[in-house]
Every structure is written in structure tokens, then in C-alpha cells.
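Working notes for the structure below.
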Amino acid sequence: VEKTISKSVDTGVIQEIDGDKIKFIAFNGTENYPFYILSEMAVKEIETKELKKGDMVAVSIDNTPSEYPAIESIKLSNNIVVSVVIEEFNKDEKTVDVLASNIGMTMKYDENIEEMIDEVEIGESYAVKLLYDGKDITIGRIMGRN
């Protein structure tokens, strides 16, 4: 029987890079792994683009059955739409705590969504537009409840 080949595209945040391995929080994936294996091309892309912890990225993943999936290519992403569970807003700091694929993260939020904050139901899932400026991930827009 031939080996099943399964590939996907996902977005997420780099948590750690260690040689040919990466810890990565996948926004759209159904499962987060302790780490992913990096292909030679992905290692070169990380080095060339100087990708680092905290960067928001788009990746091509080879999910062919093995111990850990392999990231075939990786690039910086500055604008994506994802689903997150909104946990808490901090109006003083202009931050929001969210769960992305059941992993907690703190992000900034754009001033233009302040008027929507009171309408958001804490603990519920929302589609949000994330913006990345090379330093901070910001919720730029709340698009609706999932």
C-alpha cells in the first residue's frame, strides 16, 4: 500500500527555533505538535528572512504520517483571518487574552475595535483579523462570532 501524502497550509506564531526543529502555534490546524521538523528549504527561508520567535508566519506542512509533521516552506505573514476564543480584555494596556488552538496568547488590539468590546461575549469564539508589524500581533478587526 502506498504511503498517504497529506499536505496543508496553515498560519501561526513561531515559539522557538532550534536548528531543524521549530515550535509553532498553528492557528487553523486541528492539532499542535510539540515541534515540527524543518525542511532544508524552510531552514534557508528562516535564515534568509531572519525569522524569529513571535513572528506571525504562513507555512506549508507535510502531514504525511510520521512522528512529527515537516514544514516545507515558511514565510512572514502580516495579515490573516483566524478563529480565536476571546478570554479577557485589558482596556488600560489595550491587550486581549485569547485562546488560539487551545493555547493562550496575549495580543494588542486596535483602537477602532474599542467600541465593539462591550458587545463581545467572553469565552466565545470569534473570527478576527490579525495584523503583524514585525514586532506585535494586533487584532485589527473582530469580524463576527463563530
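The values are calculated or read from the model by the stated rules, or taken from the named source; none is laboratory data. Small disclaimer: the values here were computed from a predicted structure and weren't measured. Because the Cβ atoms are built from the backbone with ideal geometry, glycine has one as well, and the counts that use them run over all protein chains shown. Note: accessible area is taken over every heavy atom of the protein model, side chains too, but ligands, DNA and RNA are not part of it. Shrake-Rupley method; radii C 1.70, N 1.55, O 1.52, S 1.80 Å.
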**Fill in**
Long-range alpha-carbon pairs in the chain, meaning those over 20 Å apart, account in percent for 48
**Request:** Of the options THR138, VAL120, ASN90, report the single residue whose Cα projects farthest towards the positive end of the charge dipole of the chain (beta-carbon charges: Lys, Arg +1; Asp, Glu -1).
**Result:** THR138
**Asked** Considering only the other residues whose Cβ falls under 10 Å of the Cβ of SER39, what net charge follows from Lys and Arg at +1 and Asp and Glu at -1?
**Response** -4
**Message:** Tell me whether the stretch 85-124 comes out rounded, prolate or oblate; compute the Cα gyration tensor, take square roots of the eigenvalues as a ≥ b ≥ c, and use a/c under 1.5 as the rounded threshold.
**Reply:** oblate
**Fill in**
Carbon plus sulfur, as percent of the 1.4 Å-probe accessible area of the stretch 14-86, comes to 49
**Prompt:** For the chain, what is the accessible area per residue in Å², given a 1.4 Å probe and the full set of protein chains?
**Reply:** 59
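For the pairs LYS44/LYS94; LYS21/LYS108; LYS49/LYS91; LYS44/LYS91; LYS7/LYS91; LYS21/LYS91, note any where the Cα-Cα span goes beyond 30 Å.
LYS44/LYS94; LYS49/LYS91; LYS44/LYS91; LYS7/LYS91; LYS21/LYS91
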